[in-house]
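Scroll down for the structure; my scribbles are underneath it.
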Amino acid sequence: MEIRKVQITGGSSYIVSLPKQWIRSANIQKNDPVGLIVQPDGSLLITPKITGESVRRTKVFEVGATTDHTSLLRLLVGAYIAGFTAIRLESKGRLPPFVLQLVREFTQMAIGQEVVGETDSSITIKDLLNPAEMPFENTIKRMHVLARGMQQDAVASLRGRDTALARSVIERDTEVDRLHWLVARQNNLILTDATLSRRMGIAVNQAAYYFLVSRIVERIADHATRIAYNALILVEHDPDPETLDLIDAASALALEIFAWSMEAFHTGDIKRANATLQRVRDLEEKTHEISTRALRSEAVVAIPAGQIAESVRRIGDYSGDICESVINQIIGQEA
């Protein structure tokens with residue numbers, strides 16, 4: 001870090017000289033304007049970008065007939081989350097057909113991604129979404145609604161022996177994933193583009209907080225999906241009614257805890273967060289009772305029933321994590 005002294009000129013104007021190396025790298029000329037942005041921590045950001053336009057970055061991947069499908073999809077998702085505004089796939093020859101299909105699947109999975117250019121040997125994907133138009137809270141609210149409905153339906157599919165409902169829960173997990181990817185992308189964009197932070201009215205540390213909660217909700221949806229998978233197994237082995245009653249009761253409590261944690265998140269209510277954390281212990285007792293009872297059954301019933309109990313418990317634990325994040329965030333703001 002360079003230390004520079006503040007000087008006074010004209011008797012009333014305070015000035016600080018700018019590093020020559022930075023001036024040259026940013027290609028700033030005499031009389032060029034620069035932007036000054038006051039950060040939440042009191043520091044001052046100086047930027048040559050005063051138009052408010054987002055930083056444009058392109059990621060290029062070389063592909064061929066031997067490219068692994070799964071690895072390529074991970075690279076596309078990684079580039080999307082990292083905040084690249086354009087992704088280009090290039091091949092030394094004609095693009096293999098599987099690459100074109102994979103790109104179509106990716107654009108359906110990732111929000112705002114569209115193919116804008118295509119030749120025999122290359123294809124370009126561009127981000128057409130303005131991240132400032134997708135507030136973090138709205139996205140996380142949507143994730144909560146989806147995850148909550150998934151858990152409700154997963155348990156209902158077990159009681160009603162509804163395999164179609166269980167499979168729909170599994171399919172909905174992709175929607176939660178794509179919303180979480182969007183939050184992760186916006187968080188990374190804010191880290192690399194301070195002007196976006198200003199346009200969205202979100203401090204960098206607050207964006208990280210939203211990302212953390214989004215990640216927790218995504219994991220809750222994953223456990224709802226696990227419940228659905230195990231429900232598909234259990235419905236074929238006729239679990240006893242008392243075990244189903246215990247699962248229903250534990251799931252209802254987990255849903256209540258989840259709802260309370262999200263209420264604490266949206267309102268910043270520390271008292272609600274603390275009260276919710278106390279309920280997590282009650283849920284642990286209920287899920288332990290399910291696991292103990294399941295052990296009296298045959299393995300084909302005991303294993304999936306025990307895994308359902310574990311997923312319900314984990315949903316409560318993750319809801320507790322949301323509450324702890326709320327407390328940490330609010331206390332940090334008060335400091």
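The values are calculated or read from the model by the stated rules, or taken from the named source; none is laboratory data. Nothing here was measured: the structure is a model prediction, and the numbers come from that model. Cβ: placed from backbone, ideal geometry, glycine included. Neighbour counts: every protein chain shown.
Within the stretch 96-104, does at least one residue satisfy the condition of being in contact (Cβ under 8 Å) with a residue 12 or more places away in the chain, in the same structural domain as Thr174 (by TED's automatic domain parsing), closer than 24 Å to His180 by Cα and not aromatic (Phe, Trp, Tyr)? The answer is no, given that none of the residues of the stretch 96-104 is in contact (Cβ under 8 Å) with a residue 12 or more places away in the chain, in the same structural domain as Thr174 (by TED's automatic domain parsing), closer than 24 Å to His180 by Cα and not aromatic (Phe, Trp, Tyr). For the stretch 244-252, does any single residue satisfy the condition of being over 29 Å from Leu212 (Cα atoms) and either crowded, with 20+ Cβ neighbours inside 10 Å or of a type in the set (Gly, Ala, Ser) (or both)? So far as the stretch 244-252 goes, yes, one or more of its residues are over 29 Å from Leu212 (Cα atoms) and either crowded, with 20+ Cβ neighbours inside 10 Å or of a type in the set (Gly, Ala, Ser) (or both).
Looking at Ser251, Ser291, which is the one that is within 28 Å of Asn138 (Cβ to Cβ), among the hydroxyl-bearing types (Ser, Thr, Tyr) and either assigned to a helix (DSSP H, G or I) or out of contact with any His (no Cβ under 8 Å at 6 or more places or on another chain) (or both)?
On the way: Ser291 fails: within 28 Å of Asn138 (Cβ to Cβ).
On inspection, the qualifying residue turns out to be Ser251.
Within the stretch 274-327, being under 23 Å from the mean Cα position of the chain (by Cα) and polar (S, T, N, Q) holds for Thr276, Ser311, Ser319, Ser325.
Filter the stretch 167-200 down to residues that are in contact with a Ser or Thr (Cβ under 7 Å, 6 or more places away or on another chain) and either within 30 Å of Ile233 (Cα to Cα) or not assigned by TED's automatic domain parsing to the domain that holds Ala228 (or both), then give me how many there are. Total meeting the criteria: 5.
Does Gly64 qualify as being closer than 28 Å to Pro19 by Cβ, assigned by TED's automatic domain parsing to the domain that holds Lys126 and either surrounded by 12 or more Cβ atoms within 10 Å (Cβ to Cβ) or modelled with pLDDT of 95 or more (or both)? The answer is no for Gly64.
Might you check whether a residue that is within 16 Å of Leu73 (Cβ to Cβ) and of a type in the set (Asp, Glu) occurs anywhere in the stretch 107-117? No: zero hits. Take the conditions (1) within 26 Å of the chain's Cα centre (by Cα); (2) on the phi > 0 side of the Ramachandran plot; (3) not hydroxyl-bearing (Ser, Thr, Tyr); Met109 misses just one of them, which is (2).
Give me the residue from the stretch 194-213 that is β-branched (Val, Ile, Thr) and either farther than 16 Å from Ile322 by Cα or at pLDDT below 80 (or both) and, out of that set, surrounded by the fewest Cβ atoms within 10 Å (Cβ to Cβ).
Step one: of the stretch 194-213, the residues β-branched (Val, Ile, Thr) are 195, 202, 204, 213.
Within this subset, residues satisfying the condition of being either farther than 16 Å from Ile322 by Cα or at pLDDT below 80 (or both) are 195, 202, 204.
On the way: Thr195: 20, Ile202: 22, Val204: 15.
By that ranking, first place goes to Val204.
Matching residues to (1) assigned by TED's automatic domain parsing to the domain that holds Ile202; (2) within 18 Å of Ile233 (Cβ to Cβ); (3) surrounded by 14 or more Cβ atoms within 10 Å (Cβ to Cβ):
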{"residue": "Trp260", "(1), (2), (3)": "yes, no, yes"}
{"residue": "Gly268", "(1), (2), (3)": "yes, no, no"}
{"residue": "Arg279", "(1), (2), (3)": "yes, no, yes"}
{"residue": "Ser291", "(1), (2), (3)": "yes, yes, yes"}
{"residue": "Ala309", "(1), (2), (3)": "yes, yes, yes"}
{"residue": "Cys323", "(1), (2), (3)": "yes, no, yes"}
{"residue": "Ile330", "(1), (2), (3)": "yes, no, yes"}
